[in-house]
Each structure stands twice: as structure tokens, then as C-alpha cells.
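Here's the structure we're looking at; comments come further down.
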Amino acid sequence: MTKDPLYVRFLYETTPGRTLLKTLARPLFSRRAALFLDSPWSRWLIPLYIRLHRIPMDSYVPERYRSFNHFFTRKRNCLYINPDPEPSHFISPCDGYLSVHPINRESRFCIKHLDYSLEKLLRDPVLADRYENGLCLIFRLAPHNYHRYCYPDSGLAVKQVSIPGLLHSVRPAALKTRPVFLENARQYTVIDSEQFGLLVKMEVGALLVGKIHNYGDRLIIERGTEKGYFEFGGSTILILAEQRILDMDQPILNASQKGLETAVTYGEKIAARKSERV
């Protein structure tokens, strides 16, 4: 796991930083930052960002970018998007860093010693109860990652929910001090999936992420189809799975039990249907 940047540690681990954070985490600040990042005046940032994060631009569709955000939401060349073809395999919906957390009998899960309630996360107590003893998969997208994401299985999108909120960082330093996923703006889709029961797929905004863009007009969805994208910043995707549905790949479980994240890629197999061990 990479060390948190100095600015994140300043914001979340010092008194002056926490004072400044009260302004930075507000959506209004992110909307104003987005005005600049959407403008042609932000294009000078692009080559600096590519060098800083060592982004392999030959894997993306060639394009003349109008702004930094246009670059940040760039599309990957189709040759680099090949979801695992086996339907009983559960695929990663994005590039990022994955950790897996068991949900207990009270529909809660714990991250960095902070307790999260599914009822507060979803604002739906009936839906939260379905995931007792299930799993919460957390995918943290770092700035260098591809910021588009897909559906992990085919099925029906039976419910779409948008919850306003703040925009805290999703780096580990923030997770240790704030109940980030309960405070941040988020959107989720309830998916009646073909292979993996009733899934919740949630996108969580983060510091300087002004917008979560979801294509919310689809009722029938297909595995591996793009669901949406994040604008600039670190971001997070959560997936909730019911009890006895997912057989997670063992190296991912082992790392999560040690408090570590596992790097995963868009469309990669990360689990299998519980009845079929591979």
C-alpha cells in the first residue's frame, strides 16, 4: 500500500488541516474547482499529470483533450478492456485497490477501527438487512487509475438512489479519522443479477470529485458494460453481496485480513459464485 500524500496527512492529522478541511470537503468548493478543470485553461496540467503518475497513454484512445477533466475521463482502447468471459466469475468493476470486509449480524462492517452501519450507508433499513453476514467489497480508485467503471454481472437495475453529502478524501488517513462512506456524496444501484443474487453497487465521491456520472437510464444491464465515470480525484466503489454468494479469491482475502489492499484491474476475476469453486 502506498503512503498517503503529505497534503492528505496534513488535512486529516493536524489541527490546521482539519480546520481547512471544513471548507475543502464541501461540494461548493469541488464545483468551483471543476469549473477550472473543465476549462481550456487547465490543459497545461495534462503532461505534468501523465509524467507524475506514469500513465501509459498508448493504452487509451488517441484524442485532443479540451480540458484536464476531458483527459481525466479518457476512454481506454478496447484492446485493454477484456472482462473475464466465464459468467460464474465475479469481475472487478474498475481499476483500483480492493479490500473485503465481512458484514456482521447487525448489518455493520468495520474499516480502520471505524464502525459502518449499512442502514445509514443506504438509508434503507429493509435493504440493509438483506446483507447480514454478507460481504462489502471496497474498490479505491487512485489518481493514476482508469476512472470509468462497469457492471460486474448482467441482470436488472431495479433501483437507483442518489444521496447528497460532503467530499472527503478516501485515502487511508481519512478512513482512520472520519466515517467517510457515511458522510460523502454517493449514488447506488440495486441489481437483481443473474449469477450473484441482489447486489448493491455504490459510487462514492471524494475530495475534489465534483461529479459522479452514471448512465442511469438502463433497466436491463450487461456484465462488463460501462456504468459511468468519475471526474477528477480519488474515488471509491462499494459492492454489497448477500451471504453465501461470493467465493473470494484467497490472496485477496488473505491481504484484507492483514488490513492490506490488493491491486485489481477492470474486468479481472476477483471471486466466483459460491457453489462453483475454481
For 90, 36, 109, 196, ascending order of other Cβ atoms within 10 Å (fewest first) is 36, 196, 109, 90
Segment 190-254: relative contact order from alpha carbon pairs under 8 Å, six or more residues apart, as a whole percent, is 40
For segment 195-203, Karplus-derived ³J(HN,Hα) couplings (6.51, -1.76, 1.60; θ = phi - 60°; whole Hz; x for glycine and proline) come out as 10, 10, x, 8, 9, 10, 10, 10, 9
When 116, 151, 80 are arranged by how many other beta-carbons sit within 10 Å of their Cβ, fewest first, they go 80, 116, 151
Its Cα gyration tensor gives segment 90-134 an equivalent ellipsoid whose semi-axes in whole Å, largest first, are 20, 14, 10
When 163, 212, 91 are ranked with the fewest other C-beta atoms within 10 Å first, the list becomes 163, 212, 91
Note on segment 81-273: alpha-carbon gyration tensor, axes a ≥ b ≥ c; rule is a/c under 1.5 for rounded, else prolate if a/b larger than b/c, else oblate; result rounded
Whole-Å distance linking the alpha carbon centroid of segment 257-273 with that of segment 47-126 is 11
Restricting to Cα pairs under 8 Å and 6 or more apart, the percent relative contact order of segment 81-273 works out to 33
Note, residue 59: beta-carbon cut-off 14 Å, +1 each Lys/Arg, -1 each Asp/Glu, net +2
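Under a Cβ-Cβ cut-off of 10 Å, what is the net charge of the residues other than residue 127 that fall near it, where Lys and Arg count +1 and Asp and Glu count -1?
Details: positive: 123, 130, 159; negative: 119, 124, 129.
For residues surrounding residue 127, the net value is 0.
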Output row, site residue 219, 7 Å Cα→C-beta label point, backbone N cut-off 20 Å, window segment 136-158, residues 151, 153-158
For residue 43, the residues 5 or more places away or on another chain with a placed amide H closer than 5 Å to its own amide H are 68
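Since every read-out is calculated from the coordinates, none of them should be taken as a lab result. What you see is a predicted model, and the numbers here were worked out from it, not measured in a lab. All Cβ positions, even for glycine, are placed from backbone atoms using ideal geometry, and neighbour counts span all protein chains on display.
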